[in-house]
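The block underneath contains the structure these notes are about, expressed in structure tokens.
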Amino acid sequence: MISHIAILPVIWPLLMGALLLLLQKQGLQTVRAVSIASVSILTVLAGYLLNIVNDGEILVYELGNWPPPFGIVLVADRLAAWMLLITALVSAFALLYAIQGTDSDGPHFHVLFQLQLFGLNGAFLTGDLFNLFVFFEILLLASYGLLLHGGGRLRTIAGLHFVIINLVGSTLFLFAVGTLYGLLGTLNMADLAVKAAGAVDDDVALIRAAGLLLFAVFALKAALLPLYLWLPAAYAHTTAPVAALFAIMTKVGAYSILRVYTLIFGSQAGSVADLIAPWLLPLALATLIAGVLGVLASTHLRQQIAYLVIASIGTLLIAFGINTHTSIAAGLFYLPHSTFAAAAFFLLADIIATRRSEMSDRFEPGPVIAHHRITGVLFFIAAILIAGLPPLSGFVGKLLILQAAIPHAALPWIMGAMLITSLLTIIALARSGSMLFYRAQLPQAPHTAGGGDGSGSQHILTPGVSGLAIVICLLSLCVVLTIGAGAVSEFALATANQLLQPEDYVQSVLGTAR
Amino acid sequence: MEALVSILIGTLTGCGVYLILRNRTFPVVLGLTFLSYAVNLFLLVMGRLTIGKPPIIAENITEYADPLPQALVLTAIVISFAMTAFVIVLSLKAYLEMGNDHVDGKHKS
């Protein structure tokens with residue numbers, strides 16, 4: 001049993017997804033219970049796996065017992081287990097929010113949700129480049145369904161753009177994978193690392209081209225600067241739990257960048273070493289600035305949060321772009337923070353938009369909403385978290401990144417961009433907060449305006465507080481991250497050390513020293 | 001042979017890219033299809049072009065066709081087939097909801 005632990009996080013959601021498909025006729029309550037139970041077990045599994053790999057062990061699972069590099073392997077190291085845990089936690093809260101009613105807007109929400117987790121977990125665990133492509137497709141296909149869940153014109157158009165751009169990305173991925181296979185004759189990532197380092201001179205240019213093509217694909221998933229335009233519309237127009245879950249989707253791109261460019265094209269890869277070093281940091285800085293400009297220019301709260309996701313990806317990839325032990329560790333600390341904070345903010349935005357009824361989340365003075373005090377306080381906390389003000393985890397994360405940037409040659413740029421964008425984020429969020437809460441008018445106004453369906457607006461204006469409770473839980477995860485910052489950053493540093501010593505990974509997979 | 005296949009892949013890719021940049025959903029879907037044809041051919045020839053060679057390693061055979069790209073192409077075909085089906089349905093949905101087939105859902109531009 002214990003030797004199969006590495007495949008359980010992949011196979012479990014697939015089985016549960018299939019089971020949920022069979023349970024559809026048993027009614028929504030059964031489906032919800034099974035779905036929640038599945039994600040809870042997944043969270044426990046991820047925590048258990050993290051506990052196992054925490055001592056630096058790298059679990060290698062040979063599918064079908066085919067020895068690598070011939071068969072596909074799943075590899076669970078610290079980074080993979082960390083990503084699994086973050087995914088499981090975010091998805092658990094997104095799902096808890098979804099069962100408040102979002103899931104009944106259309107069929108198969110829970111099935112798609114489990115399949116999305118199947119794709120995500122597989123992408124984090126796989127040790128094979130083509131298998132990574134397959135898991136990307138699985139998570140994308142599930143995400144198309146989730147994105148369109150509930151329907152609506154804006155959602156359809158945003159979904160169409162999302163699907164087309166990702167299909168183009170998939171094609172590029174296949175071109176890159178094909179080129180690498182044609183030149184190096186392998187697709188196992190550990191074996192690719194060995195073969196790429198020892199590539200003959202004639203092939204180096206083509207390998208570099210394939211590596212950069214892969215970078216373009218991952219940058220598209222991560223929403224890096226020239227390739228982020230699909231994100232704001234897609235995230236702003238989908239349902240709240242899906243947007244919250246998608247907070248982890250851009251991190252898949254960031255994860256792939258970190259994995260592939262430390263393992264295959266890392267600093268010890270000979271003639272293809274440090275392939276993306278000249279690109280990543282400038283693009284990440286530009287992404288951060290563009291994201292924050294988008295935050296300033298947003299006219300809707302959800303659009304603003306979507307741009308905040310882009311800005312957080314910029315910050316995260318700045319950390320990865322500095323490419324030292326401490327900076328990658330800082331990035332790995334910032335990653336869960338930004339995921340939880342963005343997820344909480346998306347849910348909160350949905351709560352606000354629902355309560356403002358026809359005003360939705362537009363930045364215009366609207367009615368005083370139900371539970372406006374607690375909602376306002378939560379907005380304030382989420383804004384502090386995302387902007388990176390003390391005392392919460394956003395501040396710790398940004399501080400760690402800035403500390404790690406001190407020895408770097410581009411320090412003025414990094415420092416300038418991160419501090420100025422933090423200030424601009426605070427300004428933008430203060431402006432939206434005061435528009436949504438301070439400038440709210442008496443509750444009579446919307447009643448007269450939307451008096452046509454009295455029962456409907458009555459229902460909307462007095463929603464339960466369970467949605468708020470879920471936001472509080474997600475935000476308190478960030479508080480836990482702040483309190484446990486010492487332990488988490490220690491773990492992140494150990495993860496970064498493991499990543500920057502790919503020999504261990506290669507040796508675990510191939511069983512031979514590099 | 002190599003030149004012919006390369007020109008074929010290049011032409012398919014070029015047509016695909018051109019069609020993807022069109023502003024109606026149908027040409028875009030066709031463009032995606034062309035691109036996936038191109039990439040499937042590309043994957044296939046990445047195992048090098050061989051004619052009449054067995055794909056299975058056996059004794060007293062030194063030259064054989066690489067079976068792995070064929071497996072990869074098979075996977076890629078299945079995935080791109082499913083994706084094409086999905087994007088066609090989605091385009092139809094967009095067309096029915098918007099009343100036109102512009103990729104941004106706009107009226108004639």
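The values are calculated or read from the model by the stated rules, or taken from the named source; none is laboratory data. Predicted, not measured: the structure shown is a model, and the values here were computed from it. Every residue, glycine as well, gets a Cβ built from its backbone with ideal geometry; the counts of neighbours run over all protein chains shown.
Is there any pair with a first residue in region A:397-408 that is more than 11 Å from residue A:322 (Cα to Cα) and a second that is of a type in the set (Asp, Glu) and buried (at least 19 other Cβ atoms within 10 Å of the Cβ) whose Cβ atoms are under 8 Å apart and which are 6 or more apart or on different chains, and what are they?
Between residues of region A:397-408 that are more than 11 Å from residue A:322 (Cα to Cα) and residues that are of a type in the set (Asp, Glu) and buried (at least 19 other Cβ atoms within 10 Å of the Cβ), there is no close pair.
Could you check region A:152-174 and list, in sequence order, the residues that are at the interface with another protein chain (Cβ under 8 Å from one of its Cβ atoms) and either among the hydrophobic types (A, V, I, L, M, F, W, C) or over 30 Å from residue A:67 (Cβ atoms) (or both)?
Residues satisfying the conditions are A:153, A:156, A:157, A:159, A:160, A:161, A:163, A:164, A:167, A:168, A:171, A:174.
If you check residue A:177 against the conditions, is it at the interface with chain B (Cβ under 9 Å from one of its Cβ atoms), buried (at least 22 other Cβ atoms within 10 Å of the Cβ), modelled with pLDDT of 90 or more and closer than 24 Å to residue B:99 by Cα?
no
Among the residues of region A:71-83, are any within 14 Å of another protein chain (Cβ to nearest Cβ), of a type outside the set (D, E, K, R) and at negative phi?
Kept after step one, since they are within 14 Å of another protein chain (Cβ to nearest Cβ), are these residues of region A:71-83: A:71-72.
With the extra rule that they be of a type outside the set (D, E, K, R), the set shrinks to A:71-72.
Then drop every residue that is not at negative phi, which leaves A:71-72.
Checked region A:71-83: at least one residue is within 14 Å of another protein chain (Cβ to nearest Cβ), of a type outside the set (D, E, K, R) and at negative phi.
Which of (1) out of contact with any Asp or Glu (no Cβ under 6 Å at 6 or more places or on another chain); (2) free of Cβ contacts under 8 Å to residues at least 12 places away in the same chain is the odd one out, the single condition residue A:71 does not satisfy?
Of (1) out of contact with any Asp or Glu (no Cβ under 6 Å at 6 or more places or on another chain); (2) free of Cβ contacts under 8 Å to residues at least 12 places away in the same chain, only one is false for residue A:71: (1).
Search region B:7-24 for residues being farther than 12 Å from residue B:39 by Cα and facing another protein chain (nearest Cβ under 10 Å), and hand back the single one that is surrounded by the fewest Cβ atoms within 10 Å (Cβ to Cβ).
B:17
Does residue A:327 satisfy being at pLDDT 90 or above, more than 30 Å from residue A:356 (Cβ to Cβ) and hydroxyl-bearing (Ser, Thr, Tyr)?
Against the criterion (at pLDDT 90 or above, more than 30 Å from residue A:356 (Cβ to Cβ) and hydroxyl-bearing (Ser, Thr, Tyr)), residue A:327 qualifies.
So which residues in region A:291-325 are out of contact with any helix residue (DSSP H, G or I) (no Cβ under 7 Å at 6 or more places or on another chain) and assigned to a helix (DSSP H, G or I), if there are any at all? Don't jump to the end; show me each part of the working.
Within region A:291-325, the first condition is being out of contact with any helix residue (DSSP H, G or I) (no Cβ under 7 Å at 6 or more places or on another chain), and the residues that meet it are A:293, A:297, A:299.
Of everything in region A:291-325, those that are out of contact with any helix residue (DSSP H, G or I) (no Cβ under 7 Å at 6 or more places or on another chain) and assigned to a helix (DSSP H, G or I) turn out to be A:293, A:297.
Do you know which of the residues in region A:68-101 that are touching a Gly at 6+ places or on another chain (Cβ under 7 Å) and more than 30 Å from residue A:508 (Cα to Cα) is modelled with the highest pLDDT? Full working, then the answer.
Filtering region A:68-101 for residues touching a Gly at 6+ places or on another chain (Cβ under 7 Å) gives A:71, A:73-75, A:85, A:97, A:100.
Subsequent filtering for residues that are more than 30 Å from residue A:508 (Cα to Cα) retains A:97, A:100.
Working: A:97: 90, A:100: 85.
It comes out as A:97.
At pLDDT below 90, within 25 Å of residue B:101 (Cα to Cα), more than 9 Å from chain A (Cβ to nearest Cβ) and outside any helix (DSSP H, G or I) - does that describe any residue in region B:64-78?
no
Check region B:49-61 and report whether any residue there is closer than 29 Å to residue A:165 by Cβ and either facing chain A (nearest Cβ under 8 Å) or in a loop (DSSP other than H, G, I, E, B) (or both).
Filtering region B:49-61 for residues closer than 29 Å to residue A:165 by Cβ gives none.
The answer is no; no qualifying residue exists.
Report, by residue number, each residue of region B:79-99 that is of a type in the set (S, T, N, Q) and either in contact (Cβ under 8 Å) with a residue 60 or more places away in the chain or away from every other protein chain (no Cβ under 11 Å) (or both). Can you show your working first?
Of all residues in region B:79-99, those of a type in the set (S, T, N, Q) come to B:80, B:84, B:91.
Within region B:79-99, just B:91 meets the criteria.
For region A:1-18, enumerate the residues that are of a type in the set (A, V, I, L, M, F, W, C) and crowded, with 16+ Cβ neighbours inside 10 Å.
A:5, A:6, A:7, A:8, A:10, A:12, A:14, A:16, listed by residue number.
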